[in-house]
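*Asks:* Here you go, one structure.
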Amino acid sequence: MAESILKVTVLPEELAVAMGYAQASVKHTIKKLEFQRSRFSDRERNIIVGRVARTVVARVLRDADVSARFEEAPATKAKNYCIVTGDGQFIQTRFIGDYPKHKNLLEDTGSFARRQHDFYVATTSQDNLQSIEILGYAMRRELEERQPRSFGQGVLNRYVPLSRLHPFAELVQVLRLEGAARQTVLQT
């Protein structure tokens, strides 16, 4: 898997939007971010990194000529945004907080049942949000095939080991294919 990790530099604008400073100038925002970075709790940091990762993945898809936009995830009451491709494929990004300590892409069974995402992309950031590493992706059926398991927090999760993820470049190629050709590739 290490050779298939895609490392993408985070643009200042993406960081600013993820932290809620969309209206401020980029230069002012960067100074403000540097000051506040050390004051975040782990939970706040994970939320921010998750937002940044989602923005970066969408940019990578758009750069590869795949239509991608943010939309509220289907069948949810909370504001939970995911990436939607031009032909309606839903992509959920998952931040792997303490990589390489954590070894699985997780989705809790409740969220998995409520939301109909087609792909799950695992991401991480090791350098204080200077870049995002896209570790790979899994398809919904791969998570469905695994028996739910608790990883010590009392919550049942669908999971795929990070070592079994597909390279993100494959997902980009699949999303660029048209309907019938895509279904053939995804079924194999």
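*Asks:* Counting only residues that are modelled with pLDDT of 90 or more and aliphatic (A, V, I, L, M), give me the strands (runs of 3 or more DSSP E) lying completely in region 93-175 with at least 3 of them.
*Replies:* Because the criterion is at least 3 residues that are modelled with pLDDT of 90 or more and aliphatic (A, V, I, L, M), the strands (runs of 3 or more DSSP E) in region 93-175 that meet it are 131-139.
*Asks:* Condition first: surrounded by fewer than 13 Cβ atoms within 10 Å (Cβ to Cβ) and free of Cβ contacts under 8 Å to residues at least 12 places away in the same chain. Now tell me which residues in region 150-179 satisfy that.
*Replies:* Of everything in region 150-179, those that are surrounded by fewer than 13 Cβ atoms within 10 Å (Cβ to Cβ) and free of Cβ contacts under 8 Å to residues at least 12 places away in the same chain turn out to be SER150, GLY152, GLN153, GLY154, GLU178.
*Asks:* Right, here's the next one. Of the conditions (1) polar (S, T, N, Q); (2) assigned to a loop (DSSP other than H, G, I, E, B); (3) modelled with pLDDT of 80 or more, THR76 clears all except one; give me its number.
*Replies:* All conditions are met except number (3).
*Asks:* Filter region 125-138 for residues that are touching a residue at least 40 places away in the same chain (Cβ under 8 Å) and surrounded by fewer than 22 Cβ atoms within 10 Å (Cβ to Cβ) and give the result.
*Replies:* ASN128, LEU129, GLN130, SER131, GLU133
The values are calculated or read from the model by the stated rules, or taken from the named source; none is laboratory data. This one's a predicted model, so the numbers in the text were calculated from it and none came from an experiment. Here Cβ is always computed from backbone atoms with ideal geometry, including for glycine, and neighbour counts include all displayed protein chains.
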